[in-house]
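Presented below is the structure to which this report refers.
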Amino acid sequence: MTPRDDGPDGRVDADRLARRATALRAFVHAAEGIVDADRLAPAKELGERTGQRLALSRDHTVVALAGSTGSGKSSLFNTLAGRRLSDVGLLRPTTGQAHACVWGSRSGAGPLLDWLGIPPALRFQRESALDAEDEATLRGLVLLDLPDFDSVAGEHRAEVDRLLDLVDLVVWVTDPQKYADQVIHERYLRTFRRHREITLVVLNQADRLSTMDVIRCVSDLLRLLDADGLPRVPVVPTVAVNGSEGVVQLRGELEKAIAGRQSSLRRLCTDLDEVTDGLSTVVGPPAREPDPDTVPALTGALAESVAVPALVNAVGDSYRYRARRALTWPPLRAFPPRPDPLARLRVERDGAPAGPAESAQAQRSAARLAARTLGSRAAAGLPEPWTSAITAAARSRLNELPYALEEAVSGTDLGSRRTPVWCRLIGGLQWLLLAAAVAGAGWLLTGYLLARLSDDHLRPALLAGAALLAGLLLPVLTLPLVAIGTRRARRRAATRLRTALTEVTDELVLRPVSERVGRYAAAREALETARR
């Protein structure tokens, strides 16, 4: 399979691969805690591994020799190295830990070998001054001799599996007796079907067969590889113990891999393709913010749950009550006032519920339903587990809603405790008119007592009468102003309460939903980048 990062010249671009790895890590960060941890684990591991491998030497190509017990894997390792570096055994697992042979400076490959977990005692340097340029074509090769993947020791098999995830190219070493073994095909080769370009197969110990039998075995092995999903993978017959022509051919394949400096990039690119393809169903269509129609419905339901309409009406009634009280003819204000409607409602809210318990419960249920509806619409069309995560976010803080709403309502300044300025001005005018009426009546009474009534004394009588009449008519004439003020007080109270409730709705419902929707959008964008 051709990696997606292949450019026009068929090479994998390292910078583009790094961007994909960064995007994969961003996807993991956005999806963590929402997508199942087991499903996310391969992406998390690969994102970290890709970043680490790209940060290490790009001048080295790590090639692993993997095979079963007795396949001659260690012999082949020694033959390629030109030295006896790994112990050879025919029947028992001799290689318990991976050995590494480095062509070129071993110190330059040190961080890479540390990352691979190769013990210092099992690291060997192949090139020296005595070689001159004889080994230059393999300079940069890090050859690993892995433990047997069919070892009876479980730690050996675990070490093989660990290193197979890290190496850049794998040479599968088999022999005429075990090339069709079920273990190598089902457990390993089929899982490498996407890594055809970094896979080689060696049929070792070919000297045990005649020339025709070698041809037949190679043909049968190619058939099995094709069934494994690895068509056209090179199969090289070798005789490791004598450096046969097959070993020369294998060395040539390794030289091509090293010269191209592409094996590590192709391995990582293919791994990214595989992991991101496996996550394709985790995201779906673009995310969308909560439906605008559901937000007013939610705010309205929350307002009903704390009796905001009744409170708004009480604010208007309180304004009208205080305005009329301020406009009442001063002598009539001595009568005991009726309770302020807003104060009476607050007493009822602080004490027993204003309505039946069933009604209050129904209002709270309606608020919860509105919150769930908002979450469901925000999650509509998205795949699991995002649908569940978003709807759960809408419900996550519903238990806090009643207290937060009550606190928001109680802390809102409704502007209902102050008598309107214009009412105070007219009230002052009434006192002036009352004073004028009293003065006119006193004037009239004084003239009468002095028995000097004449036509000129009609003026105090008119003054007193006019002032009294004006004072009595003022409350009637200001009724339209009271009505206008009442409506404005209700609108002002409704606006302030709506603002307070909107803040609560945003914090306890909208913000959790938007956070999950935002994480989905970030995960979707990151995965799209990681797949390109």
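Throughout, read-outs are computed from the coordinates displayed, never taken from laboratory work. All figures in this text were calculated on a predicted structure; none of them were measured in a lab. Neighbour counts are summed over all protein chains in view; Cβ atoms, including those assigned to glycine, are modelled from backbone coordinates with ideal geometry.
List of remarks:
- Cβ-derived FRET efficiency at R0 41 Å, residue 155 paired with residue 281, nearest 0.05: 0.70
- At R0 = 51 Å, FRET efficiency that the Cβ-Cβ distance of residue 215 and residue 29 yields, to 0.05: 0.45
- Amide H contacts of residue 124 (H built 1.01 Å from N, in plane; Pro and chain starts excluded): 100, 101, 102 sit under 5 Å, all sequence-distant by 5 or more or on other chains.
- Note on residue 253 and residue 11: with the Förster distance fixed at 22 Å, the Cβ-Cβ geometry gives a FRET efficiency of about 0.75.
- Near residue 175, the amide H atoms lying under 5 Å from its own belong to 204; only residues 5 or more places off or on other chains count, and H is placed 1.01 Å from N.
- Look at 148, 213, 228 and count the other Cβ atoms within 10 Å of each Cβ; fewest to most, that gives 213, 228, 148.
- Label-point gap, in nm, between residue 372 and residue 19 - each point 7 angstrom along Cα→Cβ: 4.5
- Those lysines that a straight Cα-Cα span of less than 23 Å connects to residue 178, excepting residues fewer than 8 apart in one chain: 73
- Around residue 221: net Lys/Arg minus Asp/Glu count, Cβ-Cβ under 14 Å: -2
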